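Written below as structure tokens is the structure these notes are about.
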Amino acid sequence: VTPTPADYTTWTVSGQPAWLTLVTTGNTITWTAAPNPSVNPRSATFTIADKSFSLTQTGATGTVTLSPTAATAPAAGASGTISVTPTPADYTTWTVSGQPAWLTLVTTGNTITWTATPNPSVTPRSATLTIADKSFSLTQAGAPPTAQPSATGSGPIAGSGASQTLTFQFSHPQGFAQLGVLNVLINTALNGGNACYIAYSQPAGVLFLVNDAGPDAGLSAPLTLGSTASVQNSQCTIHGTGSAAVGSGNNLTLTLRLTFSATFTGSKVIYTAARDTNTGNSGWKTLGASQIPEAAPALPRTDPLTPATIATPSQTISATYRSASGVTTAWLLVNTALNAGQACYVAYFAPGNLLLLYPDDGNGANVTSMPLSGNNTLENSQCRINAQGSSASTVAGVLTLNLNITMKPAHAGPNGIWTAMQSSATETIPSQVSPWRISGNWFLP
């Protein structure tokens, strides 16, 4: 304060509000503003002698406290509330953002009511709301999976010979009457052409055989199981006598008496699938193997395994590889399909007596190996192989490979066992690689 004239010392100060304190020392006034308890700015004008001094103080920064800060909702939908406590108390302009379309919000005073609509997906979903400067998280469960039919039985399926009787089990969690079309496909691969491809209609109670060229080429006449009639294509004949479909509870057991043609021979994969009367579909499953006699199998080749069907987690299996010139490499693969990924996939290198195991991703550049002797072990996420109890021997170009294998829970259910080999090269016989063939099946409980 600069007085005029200099000896003017009687000036006074007036008009200051209670939140503002003033201390006068000589010609200096020190002012102190108390904290503003409101989000609204405030101002003061006080008089010093014949002049005015103005002070403006900003409002407090608004914040909130939420209760609760997180919640969960079932797939069917639900509602809940969030209590919002603002600080300062007159903070009423807070906003909410971040809600997805499936979440509705209604704000009444300092209470937010949220409503989550039903989740149509089996995948859970979540939302994070921003309320003023705080966050609220909501997680909603996914819908339960739609009831699906199943095309897997209680154990391995295996057949041998030109005539076979095979039994399949299908089920539906809502009762066998919900089953629609049940499929059995027997072929060297999952291919409906030139296959023994069967479609049984549970609602109609009749069986059809797919024509040689596949489903687009049409179906046979309907066959009533248990009758004296039969249906056939170039691969197989299905006999009504000795065939049956019996439903009980959730399960339907389909028994088929088949005769394979003289041109449909060798090692075949048995696939099954089931659809229900709605939209449910099990997808194709590798459920077993069928060995149909061949007159003179070409070399190099692999033989059916011993045992050909396995229903325990651990088993020593014996695989046979035949060649006129000997065996360089023998392969064995256990999986739900002929796929190196997520498989128990091994290779035996005969010249070095080495066993190699492919990793989970099936990448051959990252195999691990061990001598097939002593107490060595190899394992990935699908299986473990012990050298103890395993062996290999070659007699007259025939390699017998015995492997002590333990399958892990990742492979629960039906699996095929495929084999293939590379023969040795001689001066007169080049090295050859045999086709893959299903040599057995492993049903892991």
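At-a-glance table
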read-out	value
Some residue of the stretch 214-231 being in a loop (DSSP other than H, G, I, E, B), among the aliphatic types (A, V, I, L, M) and under 34 Å from the mean Cα position of the chain (by Cα)	no
Tabulated pairs, the stretch 390-416, first open to solvent by 50 Å² or more (accessible area, probe 1.4 Å), second assigned to a strand (DSSP E or B) and at pLDDT below 95, C-beta under 6 angstrom, 6+ apart or interchain	Ala412/Leu444
Residue identified as touching a strand residue (DSSP E or B) at 6+ places or on another chain (Cβ under 6 Å) and over 30 Å from Ala132 (Cβ atoms) among Thr30, Thr9	Thr30
Strands (runs of 3 or more DSSP E) lying entirely in the stretch 254-348 (those with 3 or more residues that are of a type in the set (S, T, N, Q))	285-292, 314-322, 327-335
Any chance Thr316 is open to solvent by 30 Å² or more (accessible area, probe 1.4 Å), modelled with pLDDT of 95 or more and not acidic (Asp, Glu)	yes
Hits in the stretch 140-186 (condition: within 21 Å of the chain's Cα centre (by Cα) and either within 15 Å of Gln202 (Cα to Cα) or open to solvent by 50 Å² or more (accessible area, probe 1.4 Å) (or both))	Pro144, Pro145, Thr146, Gln148, Pro149, Ser150, Ala151, His172, Pro173
Options Arg437, Arg384: the member that is modelled with pLDDT under 95 and among the basic types (Lys, Arg)	Arg437
Hey, Gly214 out of contact with any helix residue (DSSP H, G or I) (no Cβ under 8 Å at 6 or more places or on another chain) and either farther than 18 Å from Thr255 by Cα or open to solvent by less than 60 Å² (accessible area, probe 1.4 Å) (or both) or not	yes
Lone unmet requirement of (1) in a strand (DSSP E or B); (2) open to solvent by 10 Å² or more (accessible area, probe 1.4 Å); (3) not polar (S, T, N, Q) for Pro359	(1)
Only listed residue being among the β-branched types (Val, Ile, Thr), open to solvent by 20 Å² or more (accessible area, probe 1.4 Å), out of contact with any Lys or Arg (no Cβ under 7 Å at 6 or more places or on another chain) and under 28 Å from Arg437 (Cβ atoms), chosen from Thr263, Thr253, Thr286, Thr279	Thr263
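The values are calculated or read from the model by the stated rules, or taken from the named source; none is laboratory data. Every value quoted in this text rests on a predicted model; they were computed, and no experiment measured them. Positions of Cβ are backbone-derived with ideal geometry, glycine not excepted, and every protein chain shown enters the neighbour counts. The accessibility values were calculated without ligands, DNA or RNA, using every heavy atom of the protein model including side chains. Shrake-Rupley method; radii C 1.70, N 1.55, O 1.52, S 1.80 Å.
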